[in-house]
Amino acid sequence: MTGEPAAVAVVTDLAIGGMTCAACVRRVEKKLAGLDGVTAGVNLATGRARVNHPPEIGSDQLIATVEQAGYTAALPEPPRKERREDGDEAEDARQERHRLVTTALLAVPVLVLSMVPGLQFRNWQWLCFVLAAPVAVWGAWPFHLRAARGLRHSAATMDTLVSLGVAASFAWSSYALFFGGAGGTGMRMPFSLVPTASDGVAQIYLEAAVGVPLFVLAGRFLETRARRGTGAALRALARLAAKEVSVRDGDGERLVPIEELRVGQVFVARPGERLATDGTVVEGSSAVDLSLVTGESEPVEAGPGASVIGGAVNAGGLLLVRATAVGADTQLSRITRLVTEAQAGKARAQRLADKAAGVFVPVVLTLAVTVLGFWLGAGAEPQAAITASVAVLVVACPCALGLATPTALMAATGRGAQLGVLVSGPQALEGLQHLDAVVLDKTGTLTSGHMSVARVTAVPGGLGEEEPVRLAGAVEQGSEHPLGRAITAHARRTVSGEPLPALTDFVALPGKGVRGRVEGRLIEVLAPDDALPPTLAQALSASETAARTPVVVRVDGEPEALIEVGDVLRPGSYRAVERLRRLGVRPVLATGDREAPARAVAADLRIEEVHARRTPEDKAALVHELREQGYRVAVVGDGVNDAAALAGADLGIAMGSGTDVAIGAADVTLVRGDIETLADAVRLARSALGTIRANLLWAFGYNVVTVPLAMVGLLNPMLAAAAMSVSSLLVVGNSLRLRAWQPSPTGPRPSRPAALAARRPL
């Protein structure tokens, strides 16, 4: 008896409103996890939740569950509504600024009069009371509202602490003014950084009642602006997407919304315009600026037949481009999606911080009540006990815990996208940081992949040279490998004036070659074996001396020709390997190619460990063997034959110029296909993880130091509020430094032998 197959989980993104601290994050995650089969990751910095759930649980149920926790939730708006979203955010920012400015105008006189005894005129305390009342009620209203909402759902958050602190300070001050003797005409109040004895007259703490909401509002306003800065790269990517496109067809040229563009249609890209989508140039030539999409610093020449990327800027002449991908299938969409998904994840340290934040607020509330009871039980005056209790409430800050990882991650992934490095999430950053061995593919990774046919040797008395090349070029039309593309290009040049024949029954044999039927015959283009005619065997020996890559063309099982293909090293391969070695990463070359070309490349790049003639299974086994030896292994590749090794490594790194299969199996993608950016990725990851550790150390250390000081009465509530706001700003500010992170200079030039080798065919 067989059971039904398990349903595939659905991933839904939700925009969450009302979260202010890590305790909010923990509560939303726990509430969603209460549904059967549901797991969720919530990001405080982006206000987004990524929810994995069974298909039978719809988005309406997820939204209702979040609302039951006391927060708002909605499906993110589609890209076309981005401008409206920006308008809504701007309106929210204006309201926050208005509340902050009004609060400051009312609070500053109260603070000045309370802190400077020389300015305290007759009945000054009553003026302060009149000014403080709207601050304690209206200025702190967002905190009171969210605290009440949490109370209805039996939840306590940072807003609960702030609301209680403001309410307690204002309530005690009101009592002191009306019933405790502080409302007398000649009342004076000295300023002290710590609570002082009252000499029988109840003191007022209106400066705490206005200072707490003022400093917290100011801190959150600045924090919000800073957090938007960490996501600037993602918003810049979103702005690259075209809204309209000029389509050219039999009816002429017409302007249509980008959503109506279809694959195969021809669109116009005028000088200075962004390309609407990915495509192939059919007419015209120009320089295309890819800097904002892939980080490529120099414009790339594009002519008929060249592939171009949507979002790139046409820097020269008029181009007619045939669309090859639209919507979510474009490279710009994939880059944006990868960056978004990366920013939704959490590092291991942040998951620990979130667990701590889940119990943080209840613990602080318990401490505040305990401090109040202790001081009262010890015979202290009620106002001293209340002051210490309020200081405990106000100084505690789970906000910094919640912001430690997401702000750094947003800044790092955004900066990486600008430099052409896409990471799938915090786990990938952690993997890059601890990397100590990297398995490098040869063709298309260390070499340019721009191969060309160097020589063709035909079997005497066979089909000759041209016919095997024509048939091999036809079957290689179905191949993604650079070697196959070189053979197809050579075949088209050889039989110029007529198209290559049609291909059927195509099969790729990873690590071996390809086969298919052309004109009714079985054509195989495979790696050489020992059973070769003498002429081809002799040519094979010569190709090994020249370090070229040979393949045998078989027609209906009979060898007909040996085709030798040459490649050149990428210009940055030497520097990339050298920089990895300096970072403590051991380079290993693994290729399906023969020993001679592999050794030639390894010698030029000074790679000591070489594994040639490796099948995809052999590469995966090599990765497993290195991991068994204790290495944390990354694999860099670009083809189908690398997918198994990429998936089995601690970290898979795909070349952006490679296949979708390789990119899909990888944790990191080098968008430009430039191997030298791998060293930059390692350094960026180490900087990002170092920033996250520093943020968490500060967030934990701040609370460990300040909460005990508040408990023993050594912190004024107003200063406690300022310190709490500054703690969050320091965390966000530290993360923002990653936006300015710069890759290292180009570094040492290759030695002369290596530089010469980089120019010769391999």
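The values are calculated or read from the model by the stated rules, or taken from the named source; none is laboratory data. Bear in mind that the values here come from a model prediction, so they are computed numbers and not experimental data. Reconstructed Cβ throughout: ideal geometry from the backbone, glycine too, with neighbour counts over all protein chains shown.
Go through region 422-455 and count every residue that is in contact with a helix residue (DSSP H, G or I) (Cβ under 6 Å, 6 or more places away or on another chain) and closer than 20 Å to residue 527 by Cα.
Counting residues in region 422-455 that are in contact with a helix residue (DSSP H, G or I) (Cβ under 6 Å, 6 or more places away or on another chain) and closer than 20 Å to residue 527 by Cα gives 8.
Testing residue 155 on (1) more than 39 Å from the chain's Cα centre (by Cα); (2) outside any helix (DSSP H, G or I); (3) buried (at least 19 other Cβ atoms within 10 Å of the Cβ), one condition comes back false. Which one is that?
(1)
Would you mind stating whether residue 477 is over 27 Å from residue 618 (Cβ atoms) and touching a Phe, Trp or Tyr at 6+ places or on another chain (Cβ under 9 Å)? Walk me through how you get there before you give the answer.
Values: over 27 Å from residue 618 (Cβ atoms): yes; touching a Phe, Trp or Tyr at 6+ places or on another chain (Cβ under 9 Å): yes.
Yes, satisfied.
Just one of the numbered conditions (1) assigned to a loop (DSSP other than H, G, I, E, B); (2) surrounded by fewer than 20 Cβ atoms within 10 Å (Cβ to Cβ) is not true of residue 454; which one?
Looking at each condition in turn, residue 454 falls short on (1).
Determine if region 2-21 includes at least one residue that is of a type in the set (Val, Ile, Thr), more than 26 Å from residue 696 (Cβ to Cβ) and at pLDDT 90 or above. If you could, list the steps in order and put the result at the bottom.
Initially, region 2-21 is screened for residues of a type in the set (Val, Ile, Thr), giving 2, 8, 10-12, 16, 20.
Narrowing further to those that are more than 26 Å from residue 696 (Cβ to Cβ): 2, 8, 10-12.
Checking the rest, the ones that are also at pLDDT 90 or above come to none.
No - not one qualifying residue is present in region 2-21.
Tally up the residues in region 713-762 that are part of a helix (DSSP H, G or I), under 30 Å from residue 575 (Cβ atoms) and modelled with pLDDT of 50 or more, please. Let's see the steps before the verdict.
Our first condition is that a residue be part of a helix (DSSP H, G or I); within region 713-762, this holds for 717-740, 752-757.
Retained after the next criterion (residues that are under 30 Å from residue 575 (Cβ atoms)): 735-740, 752-757.
So of that shortlist, the ones also modelled with pLDDT of 50 or more come out as 735-740.
The total comes to 6.
For region 492-503, check the following and say yes or no: at least one residue is free of Cβ contacts under 8 Å to residues at least 12 places away in the same chain, part of a helix (DSSP H, G or I) and either among the polar types (S, T, N, Q) or farther than 22 Å from residue 532 by Cα (or both).
The answer is yes, given that some residue of region 492-503 is free of Cβ contacts under 8 Å to residues at least 12 places away in the same chain, part of a helix (DSSP H, G or I) and either among the polar types (S, T, N, Q) or farther than 22 Å from residue 532 by Cα (or both).
Please count how many residues of region 34-78 are hydrophobic (A, V, I, L, M, F, W, C), under 14 Å from residue 17 (Cα atoms) and part of a loop (DSSP other than H, G, I, E, B).
So the count comes out to 4.
Determine whether residue 575 is in contact (Cβ under 8 Å) with a residue 12 or more places away in the chain and assigned to a helix (DSSP H, G or I).
Yes: the conditions hold for residue 575.
Which of the following residues is within 25 Å of residue 583 (Cβ to Cβ), in contact (Cβ under 8 Å) with a residue 40 or more places away in the chain and surrounded by 24 or more Cβ atoms within 10 Å (Cβ to Cβ): 439, 361, 390?
After ruling out the rest, the residue left standing is 439.
Across region 162-204, what is the total count of residues that are at pLDDT 75 or above and either of a type in the set (A, V, I, L, M, F, W, C) or under 53 Å from the mean Cα position of the chain (by Cα) (or both)?
Qualifying residue count, region 162-204: 21.
Taking the residues in region 457-501 that are farther than 20 Å from residue 556 by Cβ, surrounded by fewer than 17 Cβ atoms within 10 Å (Cβ to Cβ) and among the small types (Gly, Ala, Ser) as candidates, determine which candidate is modelled with the lowest pLDDT.
Only one residue fits best here, namely 497.
Go through (1) surrounded by 24 or more Cβ atoms within 10 Å (Cβ to Cβ); (2) farther than 30 Å from residue 621 by Cα; (3) touching a helix residue (DSSP H, G or I) at 6+ places or on another chain (Cβ under 6 Å); (4) not β-branched (Val, Ile, Thr) and name the single condition residue 385 misses.
(1)
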